[in-house]
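Below is one structure, written out as structure tokens, with a few remarks after it.
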Amino acid sequence: MRLEEAERRVTVSRSRRKASSRPVPPVRVRLLYGAEIPLGPGKADLLEAIIDTGSISAAARRMGMSYRRAWLLVDTMNRCFERPLVTAATGGSGGGRAQVTALGEAVLKRYRGMERKALRAVAADVAAFAGLLARRSPRS
């Protein structure tokens, strides 16, 4: 389950008032390793985009980020784990290719499972917070 699914709307009932629909604040899981974040929601999405496209560059475009930013995220992931999560071949006439390794796929699967478990564990609390939040986000 992707985090966007977790941001679905929740109906919060107020006593004798018409129910209102408010966005649910997202629950985000980030793994910390010293000063680094080896994996979080954006990096997990990047791994999925690399699996889908076979390219760091195409994955970056799909996600609306620069190639440099995507490459730095991949580099952080690869440095933080015992073995690389992504391998890449430099471009040529056909362009470069990137592949999420078996370890990368296993890490991604475990991370998505952690997200689901975390969301289930705090779902009632998140729904309660949704009922307490202002109707509009402060940044909207």
> Does the stretch 125-138 contain at least one residue that is farther than 16 Å from Gly54 by Cβ, basic (Lys, Arg) and in a loop (DSSP other than H, G, I, E, B)?
Replying inline: yes
> Among the residues of the stretch 54-90, which ones are farther than 16 Å from Leu39 by Cα, at pLDDT 95 or above and exposed (fewer than 14 other Cβ atoms within 10 Å of the Cβ)?
Replying inline: Gly64, Ser66, Arg68
> If you check Leu46 against the conditions, is it in a helix (DSSP H, G or I) and surrounded by fewer than 17 Cβ atoms within 10 Å (Cβ to Cβ)?
Replying inline: no
>> For the list (1) in a loop (DSSP other than H, G, I, E, B); (2) surrounded by fewer than 16 Cβ atoms within 10 Å (Cβ to Cβ), I need the number of the one condition that Arg110 fails.
In response: (1)
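Just name the residue that is farthest from Leu73 (Cα to Cα) out of those in the stretch 91-107 that are modelled with pLDDT under 90 and exposed (fewer than 11 other Cβ atoms within 10 Å of the Cβ). Break it down stepwise before answering.
From the stretch 91-107, those modelled with pLDDT under 90 are 91-96; that's our starting set.
Now narrow it down to the ones that are exposed (fewer than 11 other Cβ atoms within 10 Å of the Cβ): 92-94.
Details: Gly92: 23, Ser93: 25, Gly94: 24 Å.
Result: Ser93.
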> Do we have Ile51 as buried (at least 17 other Cβ atoms within 10 Å of the Cβ) and at pLDDT 95 or above here?
Replying inline: no
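The values are calculated or read from the model by the stated rules, or taken from the named source; none is laboratory data. Remember, it's a predicted structure, so these values are computed and weren't measured experimentally. In this analysis, Cβ positions are derived from the backbone assuming ideal geometry, glycine residues included, and neighbour counts consider all displayed protein chains.
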